[in-house]
Amino acid sequence: MASIAELSGNDEALARQAEILRQPVTTERGMANAIRALTIDAVEAAKCGHPGMPMGMADVATVLWTKYMKYDAADPKWPDRDRFVLSAGHGSMLLYALLHLSGHDGMDMTALRSFRQLHSVAAGHPEYHEHPAIEMTTGPLGQGIATAVGMALAERLLTAKYGKSLVDHRTWVIAGDGCLMEGISHEAGALAGHLKLNKLIVLFDDNSISIDGGTDLATSEDPLKRFASYGWATRRIDGHDYEQINAALTFAQKSAKPVMIACKTIIGFGAPSKAGTAGSHGAALGGREAEAAKRALGWPHLPFTVPNEVYEPWKAAGARGGAARRTWLKRLQKHPQKAEFERTISGKLPDALPEAMRDYKASLAETKPKLATRQASQKTLEVLVPAIPELIGGSADLTGSNLTLVKNMLGAKPDNFAARYIYYGVREHGMAAAMNGIALHGGLIPYGGTFFVFSDYMRPSIRLAALMGIRVIHVLTHDSIGLGEDGPTHQPIEHLASLRAMPNVLVLRPADAMETAECWELALRNITGPSLLVLSRQAVPALRAEANGNKCARGAYVLAEAEGPRAATLIATGTEVSLAMSARAALAKDGIQVAVVSAPSFELFEKQDSGYRDTVLGIAPRIGIEAAIGYGWDRWLGGSGKFIGMRGFGASAPAEDLYKYFGITEAAIIAAVKERGV
Ligand SMILES: Cc1ncc(C[n+]2csc(CCOP(=O)(O)OP(=O)(O)O)c2C)c(N)n1
Ligand SMILES: [Mg+2]
């Protein structure tokens, strides 16, 4: 059987490559060849990796990083730097080589030599935490370009707030065929085009190759036409022609629309037989091909060796932005909003927030409102939005249901970014990725809403937020069969369990207005990962009369202790806590005393010491109540416990009928307690 490489055929690419390689090696090409050589060496050393993309895009990346991108290798966290997102994350060696050559600390030759090894900063795919100049984790195709939309949006919002003297930068993306085949590229591209995010520039590695072979195996679209229809400016260039690259990047900097430049490249450029084929996409070239590639490129140096005449112009490029950064720092010193800018960039919440929340919670303790937790969330936002100017809301076309908008919040428009709210459209995945980008950019805290069931549409971006450890807040309403008549397509069942299974995600399901306020506080304070506020459509009574501290912070707590020794412990979350409370009252009438534990967050409860957990859970039989699948409850319920919840999908009917039909009732709780021999 023919190999993939043979099937894809590369005669045309090889002829074009030969023509380019016949030209003398200019300084710029030599600088690009350093990227190619380091890529070859690192992938050979690791015996795995993706040489094709870095070798193909080396010329474009060299022009970008030496002449157009605003950065200073001496301070990769300079807030007004241009952002660079390698959406085609498999080409990670491109980024590592760029960081190394441009003189960034923390990416020395030792790092490149240990490409893909345990604890190397040069991981298989770029990892956000490995190096301060890695703007985000990429690898899941499409996420980079969609996250970059959020970064570019954040830039616009902050320019409107602080002015161009503090915020004036671009977001550059390298995306491949794969990123553009992914559905999320549609959502992201359409949103960016609509908002006219003209400082977003995508360099499309148009090599017409992906893993299975030529892209014509699976696609016939012209992404440029697609993006043009979204309102993007587009250009098509030869990605190995320096004049064309320069002209396109100059054009991009002047555009009034987001820009996509399709850079026609040869994947694996330089490899004598594998260039232009899928064979160079994701495997080491192999000793002989690697050597021949370096010969063809005119690179006579030993592995992992870069001569000074190549290092020097690279280092100069890395320091090019130094002067701009220093004058920016001077402008910051004099800026009237300096303190606010520095506070928000550092991620610190306003000093006045705790007091505002204390007052609000005191008012809840007094008024004891009966509200759906989504309404309680909106009431909390009425306090938070004025108190936290960096809070940026939004919804994926469910504003009136998610209750994410509060008064005086303007929606961002292409001609007005002095705004606090984003109408993301029906684009949950695009929204979640954009929210990641807003958080990664810094200076803003994003929250966004949709129905909880559609968290499925956002999962890959939630997962990346968890992996990167960034503060993103999802407002997920209509959290169970309690949403009623819309039926099983809209009723989340397995979502709590599946999101609790994801590492570093804080799942919060408050039981009443007070808990909702506390959970909002916890979400805002959770700076190391995404938080999900899981909220009800239907109203719940106020369960808490005292407002001091934050009871939800420990994940679960005794809401109502048994009057005397516990006959059972009822553990519930969200809307089911009030059900547990009414069962407790009914049991008391029969002389059976039970405790009710509210458990808004399993993750936080798990973090408590075992002494606290044991006290809360008690030694009496435990009954878990949650209108969702029971997966994951065993750890709290123990051997003699019982779970009252869902076993399959829901149904379309009024909420009360559904609770009855699925047996999530006061009577069921009472029966379960009595069954346990009380
Ligand atoms: C969401 C997602 N699906 C699949 C993959 C596996 N994958 C990695 S690279 C790739 C092909 C990408 O093609 P392209 O973007 O054209 O990259 P090139 O081969 O040109 O380097 C695939 C399918 C992935 N990383 N992410
Ligand atoms: Mg490709």
(request) Heavy atoms only, probe 1.4 angstrom, no DNA, RNA or ligands counted: give me R584, R635, R36 ranked by accessible area, highest first. (result) R635, R584, R36
(request) Express the carbon and sulfur contribution to the solvent-accessible surface of the chain as a percent, rounded to the nearest whole number, probe 1.4 angstrom. (result) 53
(request) Quote the accessible area belonging to D512 in square angstrom, nearest 10, computed with a 1.4 Å probe and with ligands, DNA and RNA left uncounted. (result) 0
(request) Only Cα pairs under 8 Å and at least 6 apart count here; give the relative contact order of the range 333-413 as a rounded whole percent. (result) 29
(request) For K330, tell me the accessible area in Å² from a 1.4 Å probe, rounded to the nearest 10. (result) 130
(message) Order C48, C552 by their accessible area, 1.4 angstrom probe, all chains in place, largest first.
(response) C48, C552
(request) Starting from the residue with the highest accessible area, list E382, E656 in decreasing order, probe 1.4 Å. (result) E656, E382
(request) Give, rounded to the nearest 20 debye, the magnitude of the charge dipole that the range 435-543 has about its Cα centre when Lys and Arg contribute +1 at Cβ and Asp and Glu contribute -1 at Cβ. (result) 400
(message) Given a Förster distance of 45 Å, report the FRET efficiency between F649 and Y311 from their Cβ-Cβ distance, rounded to the nearest 0.05.
(response) 0.15
(message) Please give the charge dipole size of the chain, origin at the Cα centre, charges +1 on K and R Cβ atoms and -1 on D and E Cβ atoms. Round to the nearest 20 debye.
(response) 1400
(request) Please name whichever of H119, G144, Y162 sits farthest to the positive end of the charge dipole of the range 107-205, dipole taken about the Cα centre and charges placed at Cβ: Lys and Arg +1, Asp and Glu -1. (result) Y162
(request) Once every Cα of the range 531-653 carries one equal point scatterer and solvent is ignored, give the base-10 log of I(q)/I(0) from the Debye formula at q = 0.12, 0.13, 0.14, 0.20 Å⁻¹, two decimals. (result) -0.44, -0.52, -0.60, -1.25
(request) Taking just the C-alpha trace of the range 42-115, give me its Rg and Dmax in Å. (result) 12.6, 38
(message) Need one word for the range 285-375: rounded, prolate or oblate. Basis is the Cα gyration tensor (sqrt eigenvalues a ≥ b ≥ c); a/c below 1.5 gives rounded, then a/b vs b/c decides.
(response) oblate
(request) Please figure out what share of the DSSP beta bridges in the chain is antiparallel and state it in percent, rounded to the nearest 5. (result) 15
(request) Tell me what the chain gives for mean residue ellipticity at 222 nm when only DSSP H runs of n ≥ 4 count, each as -39,500 (n - 2.57), the sum divided by the residue total, rounded to 500 deg cm²/dmol. (result) -13000 deg cm²/dmol
(request) Starting at the first residue of the range 585-599, write each ³J(HN,Hα) from the Karplus equation 6.51 cos²θ - 1.76 cosθ + 1.60 with θ = phi - 60°, in whole Hz, x for Gly and Pro. (result) 5, 5, 5, 4, 5, 8, x, 9, 9, 10, 9, 10, 10, 8, 10
(request) Provide the gained length on full extension for the span Q117 to D11, in nm with one decimal, where the gain is 0.36 nm per separating residue minus the Cα-Cα distance. (result) 34.6 nm
(message) Which of the three applies to the range 359-425, rounded, prolate or oblate, going by the alpha-carbon gyration tensor with a ≥ b ≥ c and a/c under 1.5 meaning rounded?
(response) oblate
(request) Using θ = phi - 60° and the Karplus relation 6.51 cos²θ - 1.76 cosθ + 1.60, list the HN-Hα couplings for the range 667-675 in order, rounded to whole Hz, with x at every Gly or Pro. (result) 4, 5, 5, 4, 4, 5, 5, 5, 4
(message) Cut-off under 23 Å on the C-alpha distance; same-chain residues fewer than 8 positions from K607 excluded. Which lysines are left, in chain and number order?
(response) K551
(request) Using the charge dipole of the chain (Lys, Arg: +1 at Cβ; Asp, Glu: -1 at Cβ; taken about the Cα centre), state which of G469, L332, F417 has its Cα farthest towards the positive end. (result) L332
(message) Need one value: the accessible area of K264 in square angstrom, 1.4 angstrom probe, rounded to the nearest 10.
(response) 70
(message) Please compute the Kirkwood hydrodynamic radius over the chain, one decimal place, Å, based on all pairs of different Cα atoms.
(response) 26.9
(request) Tell me which residues come under 5 Å, amide H to amide H, from G449 once H is placed; ignore anything under 5 positions away on its chain. (result) G394, S395, A396, V475
(request) Take A324, project a point 7 Å from its Cα along the Cβ direction, then tell me which residues of the range 189-228 have their backbone nitrogen under 18 Å from it. (result) 198-203
(message) If I stretch the segment between K338 and D222 completely, what's the gain in nm (0.36 nm per residue apart, minus their alpha carbon distance), one decimal?
(response) 37.2 nm
(request) Keeping all protein chains in place, calculate the accessible area per residue for the range 419-524 (probe 1.4 angstrom), answer in Å². (result) 21
(request) Could you please state, rounded to a whole Å, how far the C-alpha centre of the range 579-620 is from the C-alpha centre of the range 469-530? (result) 20
(request) Grab the Cα-Cα distance for K368 and K413, subtract it from 0.36 nm times how many residues apart they are, and report the gain in nm with one decimal. (result) 12.4 nm
(request) Give the residue from L391, M109, S185 lying farthest towards the positive end of the charge dipole for the chain; charges sit on Cβ (+1 for Lys and Arg, -1 for Asp and Glu) and the dipole is referred to the Cα centre. (result) L391
(request) Amide H neighbours of R537 under 5 Å, at least 5 residues apart or on other chains, H built in the peptide plane: list them. (result) H478, D479, S480
(request) Mind putting a number on the dipole of the range 506-583 about its Cα centre? Charges go on the C-beta only, +1 for Lys and Arg and -1 for Asp and Glu, and I need it in Debye to the nearest 20. (result) 200
(request) Would you kindly derive the ³J(HN,Hα) couplings of the range 454-470 from the backbone phi angles with the Karplus curve 6.51 cos²θ - 1.76 cosθ + 1.60 (θ = phi - 60°), listing them in order in whole Hz, with x for Gly and Pro? (result) 8, 4, 4, 6, 10, 3, x, 7, 4, 4, 5, 4, 5, 5, 7, x, 10
(message) Relative contact order of the chain, please, whole-number percent, based on alpha carbon pairs below 8 angstrom and at least 6 residues apart.
(response) 12
(message) Students often get this wrong, so check it: of K254/K330; K77/K294; K70/K161, which have C-alpha atoms separated by over 31 Å?
(response) K77/K294
(request) With a/c under 1.5 counting as rounded, go ahead and sort the range 180-271 into rounded, prolate or oblate using the C-alpha gyration tensor (a ≥ b ≥ c being the square roots of the eigenvalues; past the cut-off, prolate if a/b is larger than b/c, else oblate). (result) oblate
(message) Show log10 I(q)/I(0) for the range 315-437 at q = 0.11, 0.14, 0.15, 0.18 Å⁻¹, two decimals, from a solvent-free Debye sum over equal Cα scatterers.
(response) -0.57, -0.83, -0.91, -1.12
(request) Tell me which residues come under 5 Å, amide H to amide H, from I209 once H is placed; ignore anything under 5 positions away on its chain. (result) T215
(request) Give me the distance in nm between label points sitting 7 Å out from Cα along the Cα-to-Cβ direction at K164 and D359, one decimal. (result) 3.9
(request) Could you please state, rounded to a whole Å, how far the C-alpha centre of the range 147-206 is from the C-alpha centre of the range 632-678? (result) 47
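The values are calculated or read from the model by the stated rules, or taken from the named source; none is laboratory data. The shown structure was predicted, so the numbers you read here are calculated from the model rather than taken from an experiment. Virtual Cβ from ideal backbone geometry, glycine too; neighbours counted across all protein chains shown. With ligands, DNA and RNA removed, areas are computed over all heavy atoms of the protein, side chains included. Shrake-Rupley method; radii C 1.70, N 1.55, O 1.52, S 1.80 Å.
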